[in-house]
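Enquirer: Below: one structure in structure tokens.
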Amino acid sequence: MSNNIKFHFFLVSSALMVKLIAIFYTNFDLFGDEAQYWLWAKEIDMGYYSKPPLLAWSVGIFTFIFGNSFVSIKFIPLIFYIATCFVIYLTTLELYKNKELAIFSGLSFFLLPSVTVSSFLLSTDVVLILFWCLSLLQLIKIRSNPNLINFLFLGIFLGFSFLAKYAAIYFVLSLFIIFFFNKKIKNCFFKNFKFFFVFLITLIIIFLPNIIWNLNNEWVTLNHTSDNAGLSRSNINLFQGVEFILIQSLMIGPVLFFSFVFFIRKMKIDFETKFLLIFSLPVFLIVLVESILVRANANWAAIGLISIYILALKQVYTNAKKILKINNYINYIFCFIFFILIAQTYPLKVFDRINGITDFSNLLKKNHIKENEYLVVSDRLLYSNLKYIYREFKMNIMTPYKPSDKITSHFHISSPLPEGFNKKFIFIGSPSHVDYLKDNKKIIKIDSIDVLFKNHPVEIYEVLF
């Protein structure tokens, strides 16, 4: 093993240690979505309001073994990313047959700015990215060896990708496109029809329970995904498209990204290049159009980054290996600073949404609520955080939901405040949210608390009947 690779192993090991130390020492709270996933995991199901079930299942298994602590939950994305690094190593090795390049690919991935930030946040993306990479690897294996086992595993990995996030549909789109550009892959599928059938049946069997759940719940997850796209609210904004592209360059690392752009003229248009572009460009182009027409979150194209990352790293490795070292040093410095700030619970604006929630919950518990009483919370994220923080405290927590209204949260399904409820409760939210309750209620404002995690004071009410 060369000294260069040994040093990169040291960089990655050091980055991992800094992340672990930060998780142990920080006083930041879970992000509301993370607490929500933890809640879902306590009620294992075939689907949830806004996401398929695989992340909740993963959280359920992990917390069953290691407990429900903040540290345990924060370990989950780290474990997924370590596994993903290894799969990226295998994928690069399978594509280019160059072990040193493959090791660089796996190690450098862990230092990407997007991975640095994402490895502190539990999300469906960390699960999807792992199974997307496994699906890519399996497709490459099918091209060189189209046997039954490889087709079976492709069905399994792609099925789990769909159970992680519906963005896995991009893999199917890219698969159709590659049939037109690579005759060998096309023949592997259509001249081995029995194996192709095994792949489809395996994929359907794995994904079918979530389809049935959606069918039984008025397609809430698919409707939410459609609403999230928001094409009905389209308003062309080219600046948002430019912003999206710049954010993607930051996610992959500006040194690697712009070096890749510089070396594009030297890029060979061989199978490997076509393969990686086909499994990235469709994702980027679709999300780019979405960003121009409506808006697009930075992570919506995360799976497209995988192939672009491998291709960019290969070009820089081939043409200027020193630039790759500089890229990794800079990415490591960003990782080190980011997690040191987390370890110190540094009050940066970017951390506001995970700062002070425990303090608020302690104040609420001290001044306004007692065991076995009722607490009603309108805000989905605050509801999730409080349910997590009060997990050892006997507290009945619900969320307001009028049955005739549109469902906009999983908790409208799992823990709604009933129309006929007539017991005293503490309420956090707008009084209009409980208008549907009986007319003889009395709503009294009892407190207003300034908090970091909201850009306005949290109003607390007592509702009497």
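Enquirer: What pairs in Lys51/Lys366; Lys191/Lys274; Lys97/Lys268; Lys42/Lys194 have C-alpha atoms more than 28 Å from each other?
Expert: Distance filter (> 28 Å) returns Lys51/Lys366; Lys42/Lys194.
Enquirer: Given an 8 Å cut-off on Cα distances and at least 6 residues of separation, report the relative contact order of the stretch 272-329 as a percent.
Expert: Numbers: 31 pairs, mean separation 20.8, N = 58.
Over the stretch 272-329, the number comes to 36 percent.
Enquirer: Further, regarding this structure: If you wrap a convex hull around the C-alpha atoms of the stretch 1-83 and split its volume per residue, what is the figure in Å³?
Expert: Output value, Cα hull per residue: 116 Å³.
Enquirer: Would you tally the net charge around Lys441, using a Cβ to Cβ cut-off of less than 11 Å, leaving Lys441 out, and scoring K and R as +1, D and E as -1? Let's see the in-between values first.
Expert: Working: positive: Lys423, Lys424, Lys438, Lys442; negative: Asp435, Asp439, Glu462.
Cβ neighbours under 11 Å give a net charge of +1.
Enquirer: Right, something else. Hydropathy at least -0.5 by Kyte-Doolittle, axial extent at least 27 angstrom from the Cα trace: which helices of the chain, defined as entire DSSP H runs, fit?
Expert: On the way: long enough: 3-25 (33 Å, 1.27); 70-96 (40 Å, 1.70); 124-144 (31 Å, 1.50); 193-216 (33 Å, 1.90); 321-343 (33 Å, 1.30).
Long hydrophobic helices here: 3-25, 70-96, 124-144, 193-216, 321-343.
Enquirer: Which whole-number percentage describes the relative contact order of the stretch 356-464, with Cα contacts under 8 Å and a sequence gap of 6 or more? Walk me through the numbers before you get to the answer.
Expert: Working: 162 pairs, mean separation 28.2, N = 109.
Dividing the mean separation by the residue count of the stretch 356-464 yields 26 percent.
Enquirer: How do Ile460, Ile330, Ile44 rank when sorted from fewest to most other Cβ atoms within 10 Å of their own Cβ?
Expert: Numbers: Ile460 21, Ile330 16, Ile44 12.
By the 10 Å Cβ count, ascending, the order reads Ile44, Ile330, Ile460.
Enquirer: If you don't mind, another one. Near Met267, within a Cβ-to-Cβ distance under 13 Å, what is the net charge of the other residues, with Lys and Arg +1 and Asp and Glu -1? Don't skip to the answer; put the middle values down first.
Expert: Values: positive: Arg265, Lys266, Lys268, Lys274, Lys314; negative: Asp270, Glu272.
Charge balance in the 13 Å sphere: +3.
Enquirer: Would you mind counting up the charge near Ile389? Only other residues with Cβ under 10 Å from its Cβ, with Lys and Arg at +1 and Asp and Glu at -1. Present the calculation step by step, with values, prior to reporting the outcome.
Expert: Values: positive: Lys365, Lys387, Arg391; negative: Asp29, Glu392.
Net local charge, Ile389 excluded: +1.
Enquirer: Same structure again: For the chain, give the share of DSSP beta bridges that are antiparallel, in percent and rounded to the nearest 5; count only bridges with both residues there. Could you put the intermediate results ahead of the total?
Expert: Working: 11 of 19 bridges.
Roughly 60 percent of the DSSP beta bridges within the chain come out antiparallel.
Enquirer: Right, something else. Could you give the radius of gyration (one decimal) and Dmax (whole number) of the Cα atoms in the stretch 356-464, in Å?
Expert: Looking at the stretch 356-464, its Cα Rg and Dmax stand at 13.2, 36 Å.
Enquirer: Starting from the Kirkwood Rh over alpha-carbon pairs, what translational D in µm² s⁻¹ does the stretch 170-305 have by Stokes-Einstein at 25 °C and 0.890 mPa s?
Expert: Working: Rh = 17.8 Å.
Taking Rh from Cα pairs, D becomes 138 µm²/s.
Enquirer: Hey, what's the per residue convex hull volume over the C-alpha atoms of the stretch 342-408, in cubic angstrom? Working shown, then result.
Expert: On the way: hull volume 8.0 nm³, N = 67.
Per-residue hull volume (Cα only) is 119 Å³.
Enquirer: Note the per residue figure in Å³ for the convex hull of the C-alpha positions in the stretch 3-343. Write down the numbers at each step before the final one.
Expert: Details: hull volume 48.9 nm³, N = 341.
Hull volume normalised by residue count: 143 Å³.
Enquirer: Which ordering of Asp450, Asp33, Asp125 is given by a fewest-first count of other beta-carbon atoms within 10 Å?
Expert: Details: Asp450 10, Asp33 19, Asp125 22.
Least crowded to most crowded, the residues run Asp450, Asp33, Asp125.
Enquirer: Continuing with this model, one more query. Over all directions, how big on average is the projection of the convex hull of the alpha-carbon atoms in the stretch 424-465, in square nanometres?
Expert: Values: hull surface 12.0 nm².
Average of the hull's projected areas for the stretch 424-465 equals 3.0 nm².
Enquirer: Still on this model: Could you please rank Leu222, Leu305, Leu128, placing first whichever residue has the fewest other Cβ atoms within 10 Å of its Cβ?
Expert: Values: Leu222 15, Leu305 22, Leu128 27.
If I rank by nearby Cβ atoms, fewest first, I get Leu222, Leu305, Leu128.
Enquirer: Report relative contact order for the chain in percent, whole number only (criteria: Cα-Cα under 8 Å, sequence separation at least 6). The partial results should precede the final answer.
Expert: Values: 643 pairs, mean separation 84.0, N = 465.
Reported as a whole number, the value is 18 percent.
Enquirer: A follow-up question, please. Under 19 Å Cα to Cα from Lys321, which aspartates and glutamates show up? Leave out anything in the same chain fewer than 8 places away.
Expert: Hits, sequence-local ones excluded: Glu100.
Computed from the coordinates by the stated procedures, all read-outs in this text should not be read as laboratory data. Quick caveat, the model's predicted, so the values are computed rather than measured. Glycine also receives a Cβ, built like all others from the backbone with ideal geometry; neighbour counts cover every protein chain displayed.
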